[in-house]
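The values are calculated or read from the model by the stated rules, or taken from the named source; none is laboratory data. Here the structure is a predicted model, which is why all the values come from computation and not from measurement. Cβ coordinates were reconstructed from backbone atoms using ideal geometry, including for glycine residues, and neighbour counts include every protein chain displayed.
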Amino acid sequence: MARSNQNKLQLRTVNLEAGRPTSAQAIARMNQAIASARASGTRAIKLIHGYGSSGKGGVIRKEALRELEARKKAGVIREFIPGEEFSPFSPSGRKALSLIPELSRDQDYSRGNRGITIVLF
């Protein structure tokens, strides 16, 4: 019997750090990924932005979160969940799972990974 893939979430991952871009280049890459995901009907993407070598949060992470907040207010994205909140212990993590339960199968779920952000459409 063939297994159905209808319930399997295809979570596309976009590495904003690849090639050590400037923050402007990384944000342009993120915006392109958002436009592509929306056009293809993708329900969620995972952004890898890193957390910075200082341990205080990197520039790409800060800029990405700022841009995502603006995209959410503009109605371009539905929600975004920083990696440290991507768990059943945070309101935004629970909201994400209520919208897309399959997210709980992602390897970064409930790991507190500050180097990623989940974007929902």
- Query: What number of residues in segment 64-78 are over 15 Å from residue 30 (Cβ atoms) and in contact with a Phe, Trp or Tyr (Cβ under 9 Å, 6 or more places away or on another chain)?
  - Reply: 1
- Message: Which residue is farthest from residue 71 (Cα to Cα), if the candidates are limited to segment 18-28 and must be polar (S, T, N, Q) and without any contact (Cβ under 8 Å) to a residue 24 or more places away in the chain?
- Response: 22
- Item | Any hit, segment 46-65, residues being among the polar types (S, T, N, Q) and at pLDDT 95 or above | no
- Item | Residue within segment 34-47 that is touching a His at 6+ places or on another chain (Cβ under 9 Å), closer than 20 Å to residue 23 by Cα and not β-branched (Val, Ile, Thr) present | no
- Scan segment 96-116 residue by residue and report those that are of a type in the set (S, T, N, Q), without any contact (Cβ under 8 Å) to a residue 24 or more places away in the chain and under 15 Å from residue 84 (Cα atoms). 104, 107
- What tally of residues in segment 97-121 results from selecting those that are buried (at least 17 other Cβ atoms within 10 Å of the Cβ) and either under 21 Å from residue 31 (Cβ atoms) or of a type in the set (Lys, Arg) (or both)? 8
- Query: Is it fair to say residue 24 is modelled with pLDDT of 95 or more, surrounded by fewer than 16 Cβ atoms within 10 Å (Cβ to Cβ), in contact with a helix residue (DSSP H, G or I) (Cβ under 9 Å, 6 or more places away or on another chain) and more than 25 Å from residue 105 (Cα to Cα)?
  - Reply: yes
- Specify the residue that is nearest to residue 116 (Cα to Cα); the eligible residues are those in segment 29-57 that are surrounded by 14 or more Cβ atoms within 10 Å (Cβ to Cβ) and free of Cβ contacts under 8 Å to residues at least 24 places away in the same chain. 52
- Only residues that are surrounded by 17 or more Cβ atoms within 10 Å (Cβ to Cβ) and modelled with pLDDT of 95 or more: list them for segment 6-16, please. 14, 16
- Item | Residue check for residue 80: modelled with pLDDT of 95 or more, surrounded by 20 or more Cβ atoms within 10 Å (Cβ to Cβ), farther than 18 Å from residue 16 by Cα and of a type outside the set (Asp, Glu) | no
